[in-house]
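So the structure is just underneath, and the comments pick up after that.
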Amino acid sequence: VLVSSCSLSWCWGNLLRSEDLLSAPRRGEAVPNRSGSLAVFHVSSYSFDSHSSASSWNLLDLGNGDTTVLFSGPIVQEVVWLDDESLLYINGTNSDIEGGSELWIAKYSKPSERHTIPLHKAWASRLTPIRYKAASLPASVLNLKTVSPTEGSVSFVVSALTYPNGTIYNSESAPKRLDTGLVYESLFVRHWDAYDKPEKSSLFSGVLSLDGDRFRLEKEIKNLMVGADGTIETPIAPFGGTDDFDISPDGQTVAFVSKTPYLNPANHTQVLVYTVPFDGSSKPEPINLEGKDTGGYPLPEGAASFPKFSPNGGALAYLQMYMNGYESDQNNVFIYRMDSSSITALWKPWDRSPGGLLWSGDGNTIYLTAESYGRVRIFEARIDDDTPKEITAEGNIAALHLLPSGDLLISRNSLTSSIGYFVFNPSSKHFKTLLLPTDVDPQLTDLSKITVEDFSFDGAETKVHGFIVKPSGFDSSKKTRLAFLIHGGPQGAWTDSWSTRWNPALFAEAGYIAVAVNPTGSTGYGQAFTDAIQNQWGGLPYIDLIKSMEYLENTEEYNYIDFDNAVALGASYGGYMINYIQGMPLGKKFQALVCHDGSFASQNIYSTDELYFPQREFNGTLWDDPENYSKWSPSAHIKNWGTPQFVIHNALDFRLPISEGLSVFNILQSLGIPSKFLTFPDENHWVLKPENSLVWHREVLEWINRWTEARANRGAAKTGKVQTVLRARDKL
């Protein structure tokens with residue numbers, strides 16, 4: 001049951017309900033065609049009335065922002081441009097091969113320049129488009145990427161699972177086993193939410209050639225991983241995609257990233273960048289191993305990502321971390337020269353960690369996206385400059401693409417808007433709005449009335465930044481209860497970005513002031529600030545959180561916050577911190593706590609999947625440095641527990657197994673502390689399925705509303721049990 005709190009004086013907003021958040025359209029990035037006149041994007045939505053999903057691929061007119069539906073339904077899985085008139089897409093079924101897939105082409109006649117109707121409508125409404133099958137593929141494929149090096153030819157790469165011998169894997173035709181046993185003699189056993197299987201992801205290349213007026217597959221697709229030294233895999237599981245590889249503009253070379261084959265992936269983060277001929281005529285070779293000329297810089301040994309060829313194909317840019325075993329080390333930008341095999345480190349003194357890159361048309365400039373002070377911004381840097389320069393300030397840049405004009409097509413969101421589309425001029429810094437969700441999605445109308453403010457304070461060692469999100473209709477003359485949000489990671493951050501999971505705007509509209517602090521260990525504030533959490537999980541970040549509360553309580557500007565009626569919520573590392581403050585003085589300041597998939601006993605963390613994580617975070621191993629693991633463990637402070645707590649832990653969370661959450665709940669129940677437990681047998685570290693997510697939001701809001709309403713109605717508590725618990729808490 002969703003408890004309504006709008007009858008209380010501190011409930012202001014009602015613009016964003018859980019159903020609104022979860023049913024609103026979810027748009028992907030907009031990808032332009034060659035001329036920069038149109039873009040294609042994917043959108044999905046869920047109806048809680050029909051309990052069904054809907055999805056479509058849509059056309060966006062970059063002149064006026066109008067949209068048109070191109071394909072509806074889940075069968076069309078991925079779409080890429082071939083030219084201004086044609087699209088290539090993956091059809092998720094195969095009429096001839098069970099378990100296979102197909103490549104289809106949709107060709108539309110180009111509208112006449114004399115057309116007076118909008119370009120996107122003329123383009124998409126030229127009678128029935130010509131659609132035809134260009135290729136039949138023997139298995140399910142993903143991550144379609146293309147180049148067209150010559151007239152009448154399309155070079156493409158897709159990924160597919162393969163057997164250890166390199167043969168493509170088809171789940172329907174694979175031999176059926178009579179048992180379910182899995183035997184391991186090396187790690188991983190399981191990763192993220194699945195047990196490790198022998199089948200790995202490989203890249204396959206193929207060529208579509210023009211045969212008359214239609215493209216056809218020349219010959220069977222070729223596995224580019226065959227012959228590699230050791231077992232390599234790309235895209236890298238579990239989150240890899242098309243950004244893990246690239247095709248040179250001439251269609252002759254493929255670059256990709258893969259975990260180093262001779263290092264155990266559970267204990268190492270090192271990733272190598274490989275190049276391989278597009279036709280698979282020789283085996284893949286790594287380019288960033290020892291012996292390369294790096295211009296005097298040491299060769300990095302950490303994770304590499306985002307290989308991207310320059311426009312003329314003469315250089316390959318990529319990102320890489322220096323430290324092996326540290327997944328949150330700073331990303332640095334490197335350039336590999338194809339002719340000389342030399343590697344150059346760019347902008348080494350720069351203290352931000354880019355997550356993506358894009359070449360300019362002339363190949364002299366690179367655009368980077370990176371977190372900086374709570375926002376994902378675009379930075380511009382010439383190859384011969386010293387430091388990248390920030391060119392955007394607001395919101396969260398989700399994707400960017402270069403247009404022929406030199407402008408950028410940007411997909412951007414914020415704390416009060418899902419992804420919208422803009423054309424951005426890097427010189428003038430001008431944004432042209434094409435599509436705003438708050439203008440077209442009825443679930444998100446008027447979210448601009450929700451106020452987002454930045455604040456900062458003196459933390460444990462340096463200035464710390466955070467966000468305050470106020471509900472619509474906010475009145476500073478009235479006290480409003482507090483939702484204190486703690487992010488995961490711990491190397492992560494609250495940013496000015498949209499989320500359908502932990503959305504501060506939703507808590508604000510439920511009648512709270514949402515405060516989201518980025519304590520020590522957070523990203524986007526310089527690498528030293530991120531690194532400082534090592535062996536300090538319950539130290540510096542905890543002090544930062546205390547100081548944030550003290551700052552807000554002691555600053556007159558924030559007198560509207562009801563600090564006597566506050567709740568704290570966190571997930572992952574944030575869940576760990578909830579369990580930690582449960583036994584610390586800070587925990588007594590809250591009426592209730594919510595822990596989602598949090599750690600309870602740090603000594604148990606070797607049940608996780610990626611072992612390099614605890615070994616870096618706790619500065620050693622459990623057998624050599626056991627005191628580092630016990631020092632900040634929430635389990636050491638059980639006797640101090642007393643605050644009502646909601647525990648959420650999912651069965652498929654292999655990063656933090658469900659036993660951690662069950663331990664917390666079992667102890668809370670044994671101690672007689674009001675508590676609630678929620679689990680989803682079919683969810684991992686996150687709750688992703690819409691119906692499950694709705695339950696998650698309803699249960700979380702019910703819990704925090706129950707205890708804050710009880711506090712607000714102190715004189716007439718709803719039940720004697722609640723009244724007794726509140727008195728007991730006050731004594732604690």
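Kindly list, by first and then second residue, each pair from a residue in region 134-161 that is closer than 18 Å to T93 by Cβ and touching a residue at least 60 places away in the same chain (Cβ under 8 Å) to a residue that is of a type in the set (K, R) and open to solvent by less than 10 Å² (accessible area, probe 1.4 Å), limited to pairs with Cβ atoms under 9 Å and residues at least 6 apart or on different chains.
none
Report yes if some residue within region 252-259 is under 30 Å from N619 (Cβ atoms), open to solvent by less than 50 Å² (accessible area, probe 1.4 Å) and modelled with pLDDT under 95; otherwise report no.
no
Which of (1) surrounded by fewer than 19 Cβ atoms within 10 Å (Cβ to Cβ); (2) at pLDDT 50 or above; (3) touching a helix residue (DSSP H, G or I) at 6+ places or on another chain (Cβ under 9 Å) does K110 not meet, given it meets every other one?
(2)
Sort out which residues of region 323-334 are crowded, with 17+ Cβ neighbours inside 10 Å and farther than 21 Å from D246 by Cα, and write them in order of number.
M323, N324, G325, Y326, S328, D329, Q330, listed by residue number.
Considering each of I486, I533, I546, I468 in turn, give the residue that is in contact with a Phe, Trp or Tyr (Cβ under 7 Å, 6 or more places away or on another chain) and at pLDDT 95 or above.
It is I468.
Which of the numbered conditions does F665 fail, given that it passes all the others? Conditions: (1) free of Cβ contacts under 8 Å to residues at least 24 places away in the same chain; (2) in a loop (DSSP other than H, G, I, E, B); (3) buried (at least 21 other Cβ atoms within 10 Å of the Cβ).
The failed condition is (2).
May I ask you to list the residues in region 335-351 that are open to solvent by 30 Å² or more (accessible area, probe 1.4 Å), farther than 16 Å from Y274 by Cα and not in a strand (DSSP E or B)?
Of everything in region 335-351, those that are open to solvent by 30 Å² or more (accessible area, probe 1.4 Å), farther than 16 Å from Y274 by Cα and not in a strand (DSSP E or B) turn out to be K348, P349, D351.
Quick one: count up the residues across region 352-363 that are more than 23 Å from P249 (Cα to Cα) and open to solvent by 10 Å² or more (accessible area, probe 1.4 Å).
2
Being on the phi < 0 side of the Ramachandran plot, assigned to a loop (DSSP other than H, G, I, E, B) and either open to solvent by less than 10 Å² (accessible area, probe 1.4 Å) or without any contact (Cβ under 8 Å) to a residue 40 or more places away in the chain (or both) is the filter here, so list the residues in region 503-519 that pass it.
N503, Y512, P519
Give the residue, chosen from D454, D339, D362, D386, that is touching a residue at least 60 places away in the same chain (Cβ under 8 Å), out of contact with any helix residue (DSSP H, G or I) (no Cβ under 7 Å at 6 or more places or on another chain) and acidic (D, E).
Residue meeting the stated conditions: D454.
Which one of these does I366 not meet: (1) farther than 21 Å from G28 by Cβ; (2) at pLDDT 95 or above; (3) surrounded by fewer than 23 Cβ atoms within 10 Å (Cβ to Cβ)?
Unmet for I366, out of (1) farther than 21 Å from G28 by Cβ; (2) at pLDDT 95 or above; (3) surrounded by fewer than 23 Cβ atoms within 10 Å (Cβ to Cβ): (3).
Among the residues of region 448-466, are any outside any strand (DSSP E or B), crowded, with 18+ Cβ neighbours inside 10 Å and not small (G, A, S)?
Checked against the condition, which is being outside any strand (DSSP E or B), crowded, with 18+ Cβ neighbours inside 10 Å and not small (G, A, S), region 448-466 yields at least one hit.
State which residue pairs qualify: first residue without any contact (Cβ under 8 Å) to a residue 24 or more places away in the chain and inside region 232-254, second residue among the β-branched types (V, I, T) and surrounded by fewer than 17 Cβ atoms within 10 Å (Cβ to Cβ) in any location, beta carbons under 8 Å apart, and separation of 6 or more residues or different chains.
none
Residues that are touching a strand residue (DSSP E or B) at 6+ places or on another chain (Cβ under 9 Å): find the helices (runs of 4 or more DSSP H) completely inside region 552-630 holding 1 or more of those.
Of the helices (runs of 4 or more DSSP H) lying wholly inside region 552-630, those with at least 1 residues that are touching a strand residue (DSSP E or B) at 6+ places or on another chain (Cβ under 9 Å) span 573-582.
Pick out the one residue from L217, L210 that is farther than 18 Å from P284 by Cβ, open to solvent by less than 60 Å² (accessible area, probe 1.4 Å) and of a type outside the set (G, A, S).
Of the residues listed, the single one that is farther than 18 Å from P284 by Cβ, open to solvent by less than 60 Å² (accessible area, probe 1.4 Å) and of a type outside the set (G, A, S) is L217.
Do the conditions hold for L299, that is, is it open to solvent by less than 60 Å² (accessible area, probe 1.4 Å), in a loop (DSSP other than H, G, I, E, B) and at pLDDT 95 or above?
No, not satisfied.
Provide a single number: the residues in region 611-634 that are open to solvent by 20 Å² or more (accessible area, probe 1.4 Å) and free of Cβ contacts under 8 Å to residues at least 40 places away in the same chain.
8
Does any residue of region 548-569 turn out to be open to solvent by 10 Å² or more (accessible area, probe 1.4 Å), among the aliphatic types (A, V, I, L, M) and out of contact with any Leu (no Cβ under 8 Å at 6 or more places or on another chain)?
Within region 548-569 (the criterion being open to solvent by 10 Å² or more (accessible area, probe 1.4 Å), among the aliphatic types (A, V, I, L, M) and out of contact with any Leu (no Cβ under 8 Å at 6 or more places or on another chain)), the answer is no, since none of the residues qualifies.
What about P674, is it of a type outside the set (G, A, S), closer than 20 Å to Q603 by Cα and open to solvent by less than 30 Å² (accessible area, probe 1.4 Å)?
no
Kindly indicate the residue of region 40-78 that is closer than 26 Å to D213 by Cβ and in contact (Cβ under 8 Å) with a residue 60 or more places away in the chain and also least open to solvent (accessible area, probe 1.4 Å) among those meeting that condition.
Checking each candidate, the answer is L59.
Could you go through region 359-377 and let me know if any residue there is under 20 Å from G302 (Cβ atoms) and not in a strand (DSSP E or B).
Among the residues of region 359-377, not one is under 20 Å from G302 (Cβ atoms) and not in a strand (DSSP E or B), which makes the answer no.
Does at least one position in region 238-247 carry a residue that is under 22 Å from S148 (Cα atoms) and open to solvent by 30 Å² or more (accessible area, probe 1.4 Å)?
Scanning region 238-247 turns up at least one residue that is under 22 Å from S148 (Cα atoms) and open to solvent by 30 Å² or more (accessible area, probe 1.4 Å).
The values are calculated or read from the model by the stated rules, or taken from the named source; none is laboratory data. Computed from a predicted model, the values in this text were never measured in an experiment. When we count neighbours, we look across all protein chains shown, and the Cβ atoms used for this are built from the backbone with ideal geometry, even at glycine. We work out accessible area using only protein heavy atoms, side chains counted, and drop any ligands, DNA or RNA first. Shrake-Rupley method; radii C 1.70, N 1.55, O 1.52, S 1.80 Å.
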